[in-house]
Amino acid sequence: MSANGAAASVAPAATPVLDATLTRARRGLLERQHASGHWCFEFEADCTIPAEYVLMMHYMDEVDEALQQRLARYLRAHQQTDGGWPLYPGGAPDISCSVKCYYALKLAGDAPGSEHLRRARDMILKLGGAARANVFTRIMLAQFRQIPWRGVPYMPAELILLPRWFPFHFLKVSYWSRTVMVPLLVLYSLRCQARNPRGVQVRELFSVPPERERHWFPVRSALNRVFLYLEHSVRLCEPLIPGWVRRLALKRCEDWMLARLNGEDGLGAIFPAMVNAYEALAALGYAADHPLRKTAKRALELLLVDRGDQSYCQPCVSPVWDTALAVLALQEAGGAEREVRRALDWLAERQLLDEPADWRAYRPRLASGAWAFQYRNDYYPDLDDTAAVAWAMHRSGVAEYRARIARAAHWLAGMQSRDGGFASFDADNTHHYLNEIPFADHGALLDPPTEDVTGRCVALFSLLGEACRRPRERALRWLTHTQQPNGSWWGRWGTNYIYGTWSVLAALELAGVPAADARVRRAANWLKAVQQNDGGFGETNDSYQNPALAGHGPATPEQTAWALLGLMAAGEAGSDAVGRGIQWLLRAQGAEGLWHTEQFNAPGFPRVFYLRYHGYSAYFPLWALARYRKLVGAQRA
């Protein structure tokens, strides 16, 4: 019998099958380590991103025909049989994504009468027509002269001149919103429009001719109605803005953007901001051969993934995150000490110490010690990466990393929000009224504290002991408050409640919370309740729309690994549930040693934008299997 009173389904940890599986998994992961010591797996988003790349080439009149055709093949391959494009495999057709894909394919030369575009057009009209697309899609349509500018939110450059105390100051929104919005202020204020040399239009996607459309902004709430009225009133005053004020505002936007262009890693190191910056540079008069414009273009090109006859564009790259998690998995598995040290040394070189950063605007006296998600993103490091890297360094026991770990912990403690939780990039970014402004129809304008990031910070603080007791205890109280009635925790950066529940259970274990604690027992019972008959675990991204679907969906290697890691952190290593999950992972391993899935496993923004971390199915199953071998081996010793 197991320690929890249930007969385990898997033989002792030292079985040849488990050992051989771990050996293949470790070898498969190490084969993907770069010569410099780091890992960087593909990072895939929905078809909006490759479609926007095609649109950008036509906007700038810089069409690479061969690349365009590879991107178009990718878009066609991901169209659903009903004609639309979803935000993730198996999801419902999304009107905004579908409009962009349709327009991109038409620009690429697909005939409007072709069967696949006919099906797409029928689906878009069924969903209400292009006028019902989101703000970002309508901005694109205005730039391509397909709708009037009154169909997009009012975004004058003068917003950057507002004082810090003003309710709509741009420092009150998240980093990703900030970097996307500032170049958009330039594009909007100059009413920049696409060169679109082929004159391709998409009027057939509108159920009402755009010039006659009067319902661009459906009312979302009472507060949103107030903001819509205020925006309409302010818009009428734009002709009264003095020319010198407009010039000053545009110059302020330009200076802000240039300071953060970030070389070949791009503004904010995220595709939407980088595209806007590239187009804004052209609007501000930077010639095609200007070094800044050439570098901005190169940053976009570096996000492309070539698959032979197809290509797609990543939303960003994830080397620091991939490397930290790969190291944690290998540390659990053992046998790769030299490779782990190379990876940690690579990470050590990327710690941000004295660089300028936006977070300093609200934590001016806080010393830095953070890491970014990408190769370089100095202005915008994040708490999750910082906690994960410092965790991996601490586990290594290497004395050379102690000062770096201490600086990271000090920075994290200083970034704790007032309620005790931890956000991703900012602190106290909780001005929720801003999600009701017309521009924020996506509802993703802010960066509030989340359970998974808070869990990672608690894990690090717990490893560091008494020196971090106060921020750890505050965070633990916040996590207690945010536990769902069913016992799970919501997940911001991984799908969804399974990811959040693992993140918190791992933190509670390191914090010394006993397995008998009510919070732990409720979470473990929930995980066992959602396990599938074959032993696997899975959850659809639909759970962000419908919480009743929490823990339900096609089983995947990474979600099974998260659930197993959570259960083992809850003292369930010897349980039947863990044993069956381990068997699922053993059966699912690929011939080359890793695991694979086509499922998207994380939100970029819940309900709006979803992602597939290709690395998640590589290192998380290894981590779970190695943890199981260590714990069950210890129980049987």
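The values are calculated or read from the model by the stated rules, or taken from the named source; none is laboratory data. Keep in mind it's a predicted model, so treat the numbers as computed, not measured. When we count neighbours, we look across all protein chains shown, and the Cβ atoms used for this are built from the backbone with ideal geometry, even at glycine.
Whether a residue is in a helix (DSSP H, G or I) and in contact (Cβ under 8 Å) with a residue 40 or more places away in the chain was assessed, and LEU281 does not pass this test.
Pairing each residue of region 216-229 that is surrounded by 18 or more Cβ atoms within 10 Å (Cβ to Cβ) with any residue that is acidic (Asp, Glu), provided the two are 6+ apart or on different chains, yields C-beta distances under 6 Å for ASN224/GLU436; PHE227/GLU436.
Checked against the criterion of being assigned by TED's automatic domain parsing to the domain that holds LEU464 and within 24 Å of the chain's Cα centre (by Cα), the candidates ALA336, ALA367, ALA348 yield just one match: ALA348. Comparison of ALA288, ALA269, ALA259 shows that the only residue that is modelled with pLDDT of 95 or more, surrounded by fewer than 21 Cβ atoms within 10 Å (Cβ to Cβ) and closer than 26 Å to PRO50 by Cβ is ALA288.
Looking at this structure, is ARG376 surrounded by 15 or more Cβ atoms within 10 Å (Cβ to Cβ), within 23 Å of TRP493 (Cα to Cα) and among the basic types (Lys, Arg)? When the stated conditions are applied, ARG376 passes them. Close contacts from region 514-541, counting a first residue that is at positive phi and a second that is of a type in the set (Gly, Ala, Ser) and part of a loop (DSSP other than H, G, I, E, B), with Cβ to Cβ under 9 Å and a gap of 6+ residues or different chains, come to GLY535/SER9; GLY535/ALA555.
In the same structural domain as ALA459 (by TED's automatic domain parsing), of a type in the set (Lys, Arg) and over 19 Å from the mean Cα position of the chain (by Cα): which single residue out of ARG404, ARG376 fits that description?
Details: ARG376 fails: over 19 Å from the mean Cα position of the chain (by Cα).
Just a single option satisfies the conditions, and that option is ARG404.
Pairs linking a residue in region 115-141 that is within 18 Å of MET56 (Cβ to Cβ) to a residue that is of a type in the set (Val, Ile, Thr), with Cβ atoms under 6 Å and 6 or more positions apart or on different chains, are ALA133/ILE95; ALA133/VAL99; THR137/VAL99; ARG138/VAL152; ILE139/VAL152; LEU141/ILE147.
Would you pick out the residues in region 431-457 that are part of a loop (DSSP other than H, G, I, E, B) and of a type outside the set (S, T, N, Q)?
HIS431, ILE437, ASP441, HIS442, GLY443, ALA444, LEU445, LEU446, PRO448, PRO449 - these are the residues of region 431-457 that are part of a loop (DSSP other than H, G, I, E, B) and of a type outside the set (S, T, N, Q).
Selection of region 487-546 for residues being within 26 Å of GLU473 (Cβ to Cβ), in a loop (DSSP other than H, G, I, E, B) and of a type outside the set (Gly, Ala, Ser) yields TRP489, TRP490, ARG492, TRP493, VAL513, PRO514, ASP517. One residue alone among ARG407, ARG360, ARG395 is among the basic types (Lys, Arg) and closer than 20 Å to ASP322 by Cβ, and that residue is ARG395. Just wondering, is there one or more residues in region 458-471 that are touching a Ser or Thr at 6+ places or on another chain (Cβ under 7 Å), in a helix (DSSP H, G or I) and not hydrophobic (A, V, I, L, M, F, W, C)? Among the residues of region 458-471, not one is touching a Ser or Thr at 6+ places or on another chain (Cβ under 7 Å), in a helix (DSSP H, G or I) and not hydrophobic (A, V, I, L, M, F, W, C), which makes the answer no. When THR386 is tested against (1) touching a residue at least 40 places away in the same chain (Cβ under 8 Å); (2) in a helix (DSSP H, G or I); (3) buried (at least 19 other Cβ atoms within 10 Å of the Cβ); (4) within 26 Å of the chain's Cα centre (by Cα), only condition (1) is not met. In region 354-365, of all residues being in a loop (DSSP other than H, G, I, E, B) and out of contact with any Gly (no Cβ under 7 Å at 6 or more places or on another chain), the one that is surrounded by the most Cβ atoms within 10 Å (Cβ to Cβ) corresponds to ALA357. Summed over region 306-317, residues that are buried (at least 17 other Cβ atoms within 10 Å of the Cβ) and farther than 21 Å from TRP176 by Cβ total 2. Among the conditions (1) crowded, with 16+ Cβ neighbours inside 10 Å; (2) modelled with pLDDT under 95; (3) not aliphatic (A, V, I, L, M), GLY335 misses just one, which is (1). Please tell me if VAL245 is assigned by TED's automatic domain parsing to the domain that holds LEU304, within 26 Å of LEU107 (Cα to Cα) and either part of a helix (DSSP H, G or I) or modelled with pLDDT of 95 or more (or both). When the stated conditions are applied, VAL245 does not pass them. Has region 40-50 got any residue that is of a type in the set (S, T, N, Q) and under 24 Å from the mean Cα position of the chain (by Cα)? Yes, region 40-50 contains at least one residue that is of a type in the set (S, T, N, Q) and under 24 Å from the mean Cα position of the chain (by Cα). In summary, PRO148 fulfils each of the numbered conditions (1) under 30 Å from ARG118 (Cα atoms); (2) at pLDDT below 95; (3) surrounded by fewer than 17 Cβ atoms within 10 Å (Cβ to Cβ); (4) touching an Asp or Glu at 6+ places or on another chain (Cβ under 9 Å) with the single exception of condition (2). Taking each residue of region 570-587 that is touching a residue at least 12 places away in the same chain (Cβ under 8 Å) and looking for partners that are aromatic (Phe, Trp, Tyr) and surrounded by 20 or more Cβ atoms within 10 Å (Cβ to Cβ) with beta-carbon atoms closer than 6 Å, six or more apart or interchain, yields ILE582/TYR628.
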